[in-house]
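Report on the following structure.
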Amino acid sequence: MGKAIVNGVGSYVPSTVITNNDLEKLMDTSHEWISTRTGIHERRVIGSTENTSDLAYKASLLALEDSGLTPEDIDLIVVATETPDHMFPPVATRLQTLLGCRTIGAYDVHSTCVGFISALQIAELYINTDKVNHVLVVGADALSKIVDYTERSTAILFADGAGAFVVSNIMDSKSEGIIDSTIHSDGQYYKDLYVIGDPNGSDNSKPKIKMNGNKIFKLAVNSMSTSVKGLLKKNKLHYDEIDWLIPHQANQRIIDAIARNLEFPSKKVISNIKYYGNNSAATIPLAFAVARREGKIKKGDRIVLTAFGGGLIWGSLIFQY
Ligand code: ACO
């Protein structure tokens, strides 16, 4: 049985920054309201010339460089995204060509903000069953393409960005690698967070995010807390044995509530929502990459990832870096 080790990490955010003060000029809101209710101060958005695959490509190049591998070494690409350049083909196939990989398997997963954990789980299973040796796992989203900038309860939250992990089968690694993962869903909440509209329609019918914010808030806190508790219990791991918790970056108050529920000290919780907002499938690898760059996360640390998103889908994954 193979051992799935996180062997390279990269992230990329577009250069355009939208601050809360910028949003004040577009809608009836304030920096004070947004920062106290969400923790967000600014977010990044793509320009008209960029697309999700460009974000994915830039993050992937850095992850490959970090792993010491070349594009020809990669055996499988899995991209988590809700905002592909086109409804099809997948972002992953464009990435395969942009990177110059062999004609390997490449596909997208469509599981909202849990996408990166779903994609990592796929890598874990492929490697554990010895099907492949090196998987490029990417979370990339350009939610600005489906944000309605007249709708203040959603426009303040969402953003663009990408993060990538190279996951490799390294049997002699000292790291335990991916220890376990879990994904759940409950479609009864389908209409509490969804996208309406027609990608080919007129401006009035373009895709837009619709959300029942209060309900999603409570579901997010409960689902992520329960999932982390269950996964740790199943693997007989105590909170003291975990170095970092990286929750999906949806709202600082959600992150704080999970930490309180799990009695997890806030100094061990990674958050960078202040600077990047919620870029869906990208939040977790981006938070990991930034925390590593800042010297917080180190080789050998045990990390729990947890996320939730429209569907409702939620899940968690534990790994040793
Ligand atoms: N600026 C100023 N006032 C606002 C804004 C705004 N941007 N947005 C809403 N308000 C007002 C409301 O109209 C309401 O006014 P009222 O009391 O006069 O009716 C008041 O503020 C309170 O509104 P609430 O919705 O109760 O505010 P809340 O504290 O719940 O915050 C928020 C709203 C930020 C949306 C919160 O509910 C939230 O973060 N929910 C989770 C959303 C989420 O994480 N979604 C992503 C899921 S991941 C994925 O799949 C993409």
Restricting the search to region 208-249, which residues are open to solvent by 40 Å² or more (accessible area, probe 1.4 Å) and not in a helix (DSSP H, G or I)?
LYS208, LYS210, MET211, ASN212, ASN235, LYS236, HIS238, ASP243
Take ASP160 and tell me if it is open to solvent by 20 Å² or more (accessible area, probe 1.4 Å) and either at pLDDT below 95 or of a type in the set (D, E, K, R) (or both).
no
Hey, can you tell me all the residues within region 85-97 that are of a type in the set (A, V, I, L, M) and open to solvent by 60 Å² or more (accessible area, probe 1.4 Å)?
MET87
Give me a count of the residues in region 277-313 that are assigned to a helix (DSSP H, G or I), within 14 Å of the ligand (Cβ to nearest atom) and either among the hydroxyl-bearing types (Ser, Thr, Tyr) or surrounded by fewer than 24 Cβ atoms within 10 Å (Cβ to Cβ) (or both).
2
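Within region 197-216, is there a residue that is of a type outside the set (S, T, N, Q) and under 28 Å from LYS234 (Cα atoms)? Spell out how you get there, then give the answer.
Quick first cut of region 197-216, residues of a type outside the set (S, T, N, Q) only: 197-199, 201, 203, 206-211, 213, 215-216.
Remaining after also requiring under 28 Å from LYS234 (Cα atoms): 216.
Yes, region 197-216 contains at least one residue that is of a type outside the set (S, T, N, Q) and under 28 Å from LYS234 (Cα atoms).
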Tabulated pairs, region 107-132, first away from the ligand (no atom under 16 Å from the Cβ) and open to solvent by 20 Å² or more (accessible area, probe 1.4 Å), second of a type in the set (D, E, K, R) and in a strand (DSSP E or B), C-beta under 8 angstrom, 6+ apart or interchain
none
Cβ-Cβ below 9 Å, separation at least six or inter-chain, first residue in region 1-30 and surrounded by fewer than 19 Cβ atoms within 10 Å (Cβ to Cβ), second part of a loop (DSSP other than H, G, I, E, B) and among the aromatic types (Phe, Trp, Tyr): which pairs?
LEU26/TYR149; MET27/TYR149
Residues being within 14 Å of the ligand (Cβ to nearest atom) and without any contact (Cβ under 8 Å) to a residue 60 or more places away in the chain: count how many of those fall in region 251-276.
4
Please find, within region 178-194, the residue that is most open to solvent (accessible area, probe 1.4 Å) out of those that are under 18 Å from the mean Cα position of the chain (by Cα) and of a type in the set (A, V, I, L, M).
ILE183
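The values are calculated or read from the model by the stated rules, or taken from the named source; none is laboratory data. Remember, it's a predicted structure, so these values are computed and weren't measured experimentally. Ideal geometry is used to build each Cβ from the backbone, glycine not excepted, and the neighbour counts take in all protein chains shown. Remember, those area values only see protein heavy atoms, side chains included, never the ligands or the DNA or RNA. Shrake-Rupley method; radii C 1.70, N 1.55, O 1.52, S 1.80 Å.
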